[in-house]
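Data first, discussion second: the structure below is written as structure tokens.
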Amino acid sequence: MKKLFGLKIGGLQQKILNLVLVFVLAIVGAFMVTSIYLSKNLTKVVEDSSDKQKGSMTEISEKTISAVLELSLTKSNKMEADIANGIFTVAKSDVQTLQEYAEYIFTHSDEFTDKAVSYPKKENDGKPSVQLQHEKGLDPANDRYLGLAGNMSEIMLSMYKNSSVLNSCFIATADGSIIFVDDRSGAYFDDKGNVVSFDTRSRPWYTGAVEKKGIYFTGVELDASTDIPGLVCSAPVYVDGKLVAVVGADVFLYQISDFMKDSAKSGSINCILNENGELIFSSLDEGTFKTSTSDQAVDLREHENKELAAFVAKALKESTGLTSLTLQGREYYICATPMDSVGWTVASAVDKEMTDAPTKALIAAYESINDDAQKDYNNRSEKSQRILLIITVAILILAVAAALTLARAVVKPIERMTARIGEFKDSDLTFEMEDTYRTGDEIEVLAESFATLSKRTREYIVQITKITAEKERIGAELELATKIQADMLPNIYPAFPDREEFDIYATMTPAKEVGGDFYDFFLIDDDHLGLVMADVSGKGVPAALFMMMSKILVSNFAMMGGSPAKVLEQVNTQICKNNEEEMFVTVWFGVLEISTGKVTAANAGHEYPIVKKADGSFELFKDKHGFVIGGMEGMRYKDYEFTLEKGSTLFLYTDGVAEATNAANELFGTDRMLAALNAEPEADPEKLLSNMKKAVDDFVGDAPQFDDLTMLSVKLL
């Protein structure tokens, strides 16, 4: 807010002042309205009589001019539409002739021999010539259709010479060459004198004809070689349903625009709109009816001027007759006539100001007569108004002085409160009551609220600072725990680079910073490989600590010898001794005899292993489960055996795989798990686990991960 003469602009002082001024102005305004009303009554009879005479004169004049204009403008518009329609009809007919002849040549190719066409020659500039261009990098010898297309040369040359409409005609092959006829050979060379390439199949006339599969007119385009604005009529050539070429002809814009501008010398505006409501030609070079190239042209049916949009939509369907239309703040009379040949329409418009000129001249002469009669009255009226103005200014000055005095008394405590709040810096949020704020009204209540809020805010900042520091400390410790846990598991591959009898790979993706799942593998001796897959109850730090203890116990007892069942019994006994938190872990422990492929295993409440034989697919191996480790003292476990042949694969996992859940609360399940494995059953362990992880991620989508995801695979080679 800025201060002006002690008044804060935009503040309460200004608002109080505004309120007083509005009240005073309302009283003054009522007085002035009454005075003006009485004054106007004195001249009402004269003005009413004058207005009636002017209205009658205007109405008769406008009706006469409108009748004449409707007859002349609509008639000339229809004539212009017929002329333009004739130009496009000729172009369309010529292109249809080229299309039919080309289809005959390509359909009866055995009746024609390939005909060569040469590149443009500078010496032919100014003479109608048959010329060849092609896309960059294309060898004309590799164009399958160029030889047959050369037989179009004579008909195109003859058509060009005998047409007053066409500026060129051409046939473009589906392989990227174009044979064309015009008299502008010198335009097709670069600065070094080489013939430039021509990107045929990306031109609008090519893509438009192929998309429409019939006769196609482009919007206004710049000629690729001369930059002359014009349009192209084109048509596709198909043989047995296959596109072989596109034929077409150019009609440069100046031929029609000159005609349009000549017809507009009388003061009218003439333009042509295509079927998309876009301006193709216009006699104007600026404003709404300015001609634009097709990449800049807009659909006038969607113009912000709703009257214009409705007129264009109607004009593309039928003759409109004479219509009144407002454009860019000016009113026009406008009419339109459609062209049958291309579905476009010709519109003609004339500025209403020009047609109203005779009426205005008549009214001006009449008003001049009345002006002299009113001057004497106006002089007397002005004297009365000056006296009224002086009285009004005096009242306003008194009102402003009273309003400023009242505003300062109300606003002063609020300004002091605002200034104090503006002095707050960093943690200095102290706001205390002062005598200035004790006004006995809502301002005092507001100040007390600020003081209370200031005190609570300081207390809140202190609490937030403590909580933030503690959170950062816990985050750092969790990050360290995650690294320690990852380092506890085997994570360097290949794990046994000197052993060629098997390949092994494992991964663990925790649901939180640290997880309760773990896997392990280790050589007990040269011929026995220990395999462990386990899942600790719970998640987070407690589960991670329990997991590390369980892993160490399993590996230590396994290295001491004994069967898998014996190892699990020893681990269970040790854990149950100090398990006051009553946590437990499911464990699958097996020993692979590398030389024979025999696996001896025991299962303490864990998921079924999955086995793929050398010549089969992955299947669940439904072993007998024992009780979980840590659940009860004195538990006994049973060993069981199965054999992995060379080429067989063993897949171990935790329940986080099968029980992965998507946003619809559906489980991934065993069937999807087997399907993911069997999608590439011969894959190596690393690829196998990657496929499974991708399948789970695709199924779960954006749903959060609720459980650790742990997998291990070993394959005998």
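Go through the residues of segment 128-137 one by one and say whether even a single one is part of a loop (DSSP other than H, G, I, E, B) and not charged (D, E, K, R). First the steps, then the outcome.
So the first thing to find is which residues in segment 128-137 are part of a loop (DSSP other than H, G, I, E, B), and the list is 128, 135-137.
The next check asks that each one be not charged (D, E, K, R); those that pass are 128, 137.
So far as segment 128-137 goes, yes, one or more of its residues are part of a loop (DSSP other than H, G, I, E, B) and not charged (D, E, K, R).
Does segment 221-231 contain at least one residue that is outside any strand (DSSP E or B), touching a helix residue (DSSP H, G or I) at 6+ places or on another chain (Cβ under 6 Å) and closer than 26 Å to Asp295 by Cα? Spell out the reasoning first.
Of the residues in segment 221-231, the ones outside any strand (DSSP E or B) are 223-228.
If we keep only those that are touching a helix residue (DSSP H, G or I) at 6+ places or on another chain (Cβ under 6 Å) as well, we get 225-226.
Filter once more, keeping what is closer than 26 Å to Asp295 by Cα: 225-226.
Within segment 221-231, one or more residues are outside any strand (DSSP E or B), touching a helix residue (DSSP H, G or I) at 6+ places or on another chain (Cβ under 6 Å) and closer than 26 Å to Asp295 by Cα.
Mind checking which residues of segment 296-330 are acidic (Asp, Glu) and either under 23 Å from Leu69 (Cα atoms) or free of Cβ contacts under 8 Å to residues at least 12 places away in the same chain (or both)? Give the steps one after another, and end with the answer.
Here is the first cut: in segment 296-330, the ones acidic (Asp, Glu) are 299, 302, 304, 307, 318.
Of everything in segment 296-330, those that are acidic (Asp, Glu) and either under 23 Å from Leu69 (Cα atoms) or free of Cβ contacts under 8 Å to residues at least 12 places away in the same chain (or both) turn out to be Glu304, Glu307, Glu318.
What pairs can you find where one residue is in segment 146-174 and over 16 Å from Val246 (Cβ atoms) and free of Cβ contacts under 8 Å to residues at least 40 places away in the same chain, the other is part of a strand (DSSP E or B) and of a type outside the set (Asp, Glu), and their Cβ atoms are less than 6 Å apart, with a gap of 6+ or different chains?
Partner pairs satisfying both residue conditions: Ser153/Val130; Leu157/Val130; Leu157/Val181; Tyr160/Cys169; Tyr160/Val181.
Which of the following residues is modelled with pLDDT under 95 and under 22 Å from Phe189 (Cα atoms): Gly150, Gly137?
On the way: Gly150 fails: modelled with pLDDT under 95.
Testing whether each residue is modelled with pLDDT under 95 and under 22 Å from Phe189 (Cα atoms) leaves just Gly137.
Are there any pairs, at least 6 apart or on different chains, whose C-beta atoms fall under 9 Å, with the first in segment 190-219 and in contact (Cβ under 8 Å) with a residue 60 or more places away in the chain and closer than 24 Å to Leu279 by Cβ and the second of a type in the set (A, V, I, L, M) and in a helix (DSSP H, G or I), and if so, which?
Ile215/Val95; Ile215/Ala209; Phe217/Ala91
In segment 492-527, which residues are outside any strand (DSSP E or B), modelled with pLDDT under 90 and out of contact with any Phe, Trp or Tyr (no Cβ under 8 Å at 6 or more places or on another chain)? Talk me through it step by step, then tell me what you get.
So in segment 492-527, the residues outside any strand (DSSP E or B) come out as 492-501, 510-516, 526-527.
Among the residues that remain, those that are also modelled with pLDDT under 90 are: 510-516.
Answer for segment 492-527, where residues must be outside any strand (DSSP E or B), modelled with pLDDT under 90 and out of contact with any Phe, Trp or Tyr (no Cβ under 8 Å at 6 or more places or on another chain): Pro510, Lys512, Glu513, Val514, Gly515.
Any chance you could count how many residues in segment 309-330 are surrounded by 12 or more Cβ atoms within 10 Å (Cβ to Cβ), under 13 Å from Thr288 (Cα atoms) and not hydroxyl-bearing (Ser, Thr, Tyr)?
Looking only at that region, the number is 4.
Could you say whether any residue in segment 161-169 is in a strand (DSSP E or B) and either within 41 Å of the chain's Cα centre (by Cα) or not polar (S, T, N, Q) (or both)? Walk me through how you get there before you give the answer.
Looking only at segment 161-169, we keep the residues that are in a strand (DSSP E or B), and these are 168-169.
From what is left, the residues that are either within 41 Å of the chain's Cα centre (by Cα) or not polar (S, T, N, Q) (or both) are 168-169.
Within segment 161-169 (the criterion being in a strand (DSSP E or B) and either within 41 Å of the chain's Cα centre (by Cα) or not polar (S, T, N, Q) (or both)), the answer is yes, since at least one residue qualifies.
Are any of the residues in segment 562-581 crowded, with 18+ Cβ neighbours inside 10 Å and within 58 Å of the chain's Cα centre (by Cα)?
No, segment 562-581 contains no residue that is crowded, with 18+ Cβ neighbours inside 10 Å and within 58 Å of the chain's Cα centre (by Cα).
With Asp702, Asp655 as the choices, which residue is under 40 Å from the mean Cα position of the chain (by Cα) and of a type in the set (D, E, K, R)? Quick ask: steps written out before the conclusion?
Working: Asp655 fails: under 40 Å from the mean Cα position of the chain (by Cα).
Residue meeting the stated conditions: Asp702.
With modelled with pLDDT under 80, surrounded by fewer than 11 Cβ atoms within 10 Å (Cβ to Cβ) and out of contact with any Cys (no Cβ under 7 Å at 6 or more places or on another chain) as the only criterion, which of Thr113, Thr34 stands out?
Numbers: Thr113 fails: modelled with pLDDT under 80.
Checking each option against the conditions leaves just Thr34.
Just for segment 355-390: of the residues that are of a type in the set (Ser, Thr, Tyr) and surrounded by 10 or more Cβ atoms within 10 Å (Cβ to Cβ), which one is nearest to Lys52 (Cα to Cα)? Quick ask: steps written out before the conclusion?
Step one: list which residues in segment 355-390 are of a type in the set (Ser, Thr, Tyr), which gives 355, 359, 366, 368, 377, 381, 384.
Filter again for surrounded by 10 or more Cβ atoms within 10 Å (Cβ to Cβ), leaving 355, 359, 366, 377, 381, 384.
Values: Thr355: 22, Thr359: 15, Tyr366: 12, Tyr377: 21, Ser381: 24, Ser384: 29 Å.
It comes out as Tyr366.
So which of Ala660, Ala676, Ala664 is surrounded by fewer than 16 Cβ atoms within 10 Å (Cβ to Cβ) and of a type in the set (Gly, Ala, Ser)?
After ruling out the rest, the residue left standing is Ala664.
Do you know which residues across segment 661-687 are part of a helix (DSSP H, G or I) and either without any contact (Cβ under 8 Å) to a residue 60 or more places away in the chain or not assigned by TED's automatic domain parsing to the domain that holds Thr710 (or both)?
First, pick out the residues of segment 661-687 that are part of a helix (DSSP H, G or I): 669-678, 685-687.
If the condition is that a residue be part of a helix (DSSP H, G or I) and either without any contact (Cβ under 8 Å) to a residue 60 or more places away in the chain or not assigned by TED's automatic domain parsing to the domain that holds Thr710 (or both), then Gly669, Thr670, Asp671, Arg672, Ala675, Ala676, Lys687 are the ones that fit.
Among the residues of segment 640-657, count how many are buried (at least 16 other Cβ atoms within 10 Å of the Cβ), part of a loop (DSSP other than H, G, I, E, B) and not polar (S, T, N, Q).
Looking only at that region, the number is 1.
Mind counting the residues in segment 68-91 that are small (Gly, Ala, Ser) and either under 43 Å from the mean Cα position of the chain (by Cα) or surrounded by 18 or more Cβ atoms within 10 Å (Cβ to Cβ) (or both)?
3
Among (1) in the same structural domain as Leu243 (by TED's automatic domain parsing); (2) buried (at least 20 other Cβ atoms within 10 Å of the Cβ); (3) of a type in the set (Asp, Glu), there is one condition Asp94 misses while meeting the rest; what is its number?
So Asp94 meets the others, but not (1).
The values are calculated or read from the model by the stated rules, or taken from the named source; none is laboratory data. Values in this document were obtained by computation on a predicted structure and should not be read as measured data. As a convention, Cβ positions derive from the backbone with ideal geometry for all residues, glycine included, and neighbour counts pool all protein chains shown.
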